[in-house]
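In what follows, a single structure is set out as structure tokens and then discussed.
The values are calculated or read from the model by the stated rules, or taken from the named source; none is laboratory data. Source: prediction; values computed, not measured. Don't worry about glycine lacking a Cβ; one is built from the backbone with ideal geometry, like all the others, and counts go over all protein chains shown. Side chains are part of the model used for accessible areas, which takes the heavy atoms of the whole protein and leaves out ligands, DNA and RNA. Shrake-Rupley method; radii C 1.70, N 1.55, O 1.52, S 1.80 Å.
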Amino acid sequence: MKHPISRAIRTQIDRTGEMEHSQPMFLTSSFCFHDAEEMRAAFADETDDNIYSRFSNPNVQEFVDRMCALEGTEAGFATASGMSAIFASFMALLKQGDHLLSCRSIFGSTHTVITKILPKYGIEHSYVDAVDWGRWEAAIRPNTKMIYLETPTNPALEVIDLSVVRALADKYKLILNIDNCFATPVIQQPAQFGADLVIHSATKWLDGQGRVLGGVVLGRRELIKEVYQFCRSTGPSLSPFNAWVLSKSLETLEVRMDRHASNALYLAQQLENHPKLAWVKYPYLPSHPHHDIAKKQMKNGGGIVCFELKGGIDAGRQFLNSLKMLSLSANLGDTRSIASHPASTTHGKLTEEERMAVGISAGLIRISVGLEYRDDILGDILQALG
Ligand SMILES: Cc1ncc(COP(=O)(O)O)c(C=O)c1O
């Protein structure tokens, strides 16, 4: 079985004596040993036996193994949320005096970790704009250890050329750490472009049904070993129940993402010349400024569409209030379409200048395109635009 999708679907915990077809749940905090010698060997890392679910659990390992098949990575560690995956990757691999180079346009909580938490441990950072390549190299310092970025970015949907960043990381021997949450591995596989670490908030498209929180760090075995050592002792482990849910979700990831993306492309095409919109952004629209990069590294444009309402903040609020079917929610990556207006919600406390620095204009609307019939999604947006 060669294809990663087949391998991911068929990677499964060994059957128990009941011969179940679907995988059982191992809702247990600890595991038993037959004798003292077996227990000693497990604690001495001489065997892979499970000891305690903070360290490892069969359901969690199955989820990780499936993600490794999809991303083409050697190893991984699953965490309780996307943020704990991101935090663990920083804390396990950076130390006092190191410098982190990050794309400016990143998820809000990641920005908080980089600017408020890492400095407490003496870890410095610099931000660079997504596609301002000249500045990326100029921002590298002698103590730079890691490059961190999301592509496509949230919510501005900029697409960063992974081959270009890899060349930079190679030149300066830096760890390349990519948040692949927006694309998912069935659309883009950063490790195939040389990323050392690939991170996911499994809460989004991987679950795809808005049920559980989860995260995962995947990548080169020696780096994951460090992440494992950090997490084993500090405890941000994924629950076996959530791992079971997420692992089952991976079986349908490709078909779901194909439909999310075809619905999103249709929506973007239909909205592109709407008189009430200043612009529409979707990586697979030829008008997207990074369309060529998207075509090179993404199988399709993903499930997020953004547009700018001409009337700014007030138009954004009015648009949300006029929607009849789309959900008003902070999440994304669900079967049900979701609309959000960052300027009046998640980024409402920022000044206009601060918002613009991360690509959030006053009338920006982000649509997480769901699996409802495409004309129902479009129809709700058109009626809300008035
Ligand atoms: C790109 C990206 N990375 C990370 C996260 C954090 O994930 P979680 O909410 O699972 O901690 C999010 C959440 O929205 C996200 O959009």
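Key figures for this structure:
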item: Among the candidates S6, S22, residue that is of a type in the set (S, T, N, Q) and in a loop (DSSP other than H, G, I, E, B); result: S22
item: Hits in segment 337-378 (condition: open to solvent by 20 Å² or more (accessible area, probe 1.4 Å), over 17 Å from P155 (Cα atoms) and in contact (Cβ under 8 Å) with a residue 24 or more places away in the chain); result: L371, E372, R374, D376
item: L197 within 15 Å of the chain's Cα centre (by Cα) and within 12 Å of the ligand (Cβ to nearest atom); result: no
item: Enumeration of residues in segment 310-341 that are small (G, A, S) and touching a strand residue (DSSP E or B) at 6+ places or on another chain (Cβ under 9 Å); result: A315, G316, S327, S329, A330, G333, S337, A339, S340
item: Qualifying strands (runs of 3 or more DSSP E) (wholly inside segment 65-174; at least 2 residues being surrounded by 18 or more Cβ atoms within 10 Å (Cβ to Cβ) and within 16 Å of the ligand (Cβ to nearest atom)); result: 75-79, 99-103, 144-150
item: Number of the condition not met by R54 [criteria: (1) in contact with a helix residue (DSSP H, G or I) (Cβ under 9 Å, 6 or more places away or on another chain); (2) open to solvent by 20 Å² or more (accessible area, probe 1.4 Å); (3) closer than 25 Å to P185 by Cβ]; result: (3)
item: Cross-chain or 6+ apart pairs with Cβ under 6 Å, segment 242-260 first and among the aromatic types (F, W, Y), then outside any helix (DSSP H, G or I) and surrounded by fewer than 21 Cβ atoms within 10 Å (Cβ to Cβ); result: W244/M25
item: Matching entry among K299, K281 (being at pLDDT 95 or above and under 18 Å from the mean Cα position of the chain (by Cα)); result: K299
item: Failed item, numbered, when Q209 is tested on (1) under 20 Å from T115 (Cα atoms); (2) open to solvent by 30 Å² or more (accessible area, probe 1.4 Å); (3) not in a helix (DSSP H, G or I); result: (1)
item: Qualifying residue in segment 234-242 (condition: farther than 22 Å from Q297 by Cα, among the aliphatic types (A, V, I, L, M) and more than 16 Å from the ligand (Cβ to nearest atom)); result: no
item: In segment 307-323, residue nearest to S368 (Cα to Cα) [restricted to those that are of a type in the set (G, A, S) and open to solvent by less than 20 Å² (accessible area, probe 1.4 Å)]; result: G316
item: Positions within segment 166-208 being over 27 Å from A138 (Cα atoms) and basic (K, R), in sequence order; result: K204
item: Hits in segment 175-190 (condition: within 26 Å of L265 (Cβ to Cβ) and more than 16 Å from the ligand (Cβ to nearest atom)); result: V186, Q189
item: Qualifying residue in segment 292-301 (condition: open to solvent by less than 50 Å² (accessible area, probe 1.4 Å) and of a type in the set (S, T, N, Q)); result: yes
item: Qualifying residue in segment 16-34 (condition: surrounded by 15 or more Cβ atoms within 10 Å (Cβ to Cβ) and closer than 30 Å to E137 by Cβ); result: no
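For (1) at pLDDT 95 or above; (2) in contact with a Pro (Cβ under 8 Å, 6 or more places away or on another chain); (3) over 28 Å from G302 (Cα atoms), each residue gets a yes or a no:
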site: L101; (1), (2), (3): yes, no, no
site: F107; (1), (2), (3): no, no, no
site: P119; (1), (2), (3): yes, no, yes
site: S126; (1), (2), (3): yes, no, yes
site: T144; (1), (2), (3): yes, no, yes
site: Y148; (1), (2), (3): yes, no, no
site: P152; (1), (2), (3): yes, yes, no
site: P155; (1), (2), (3): no, yes, no
site: N180; (1), (2), (3): yes, yes, no
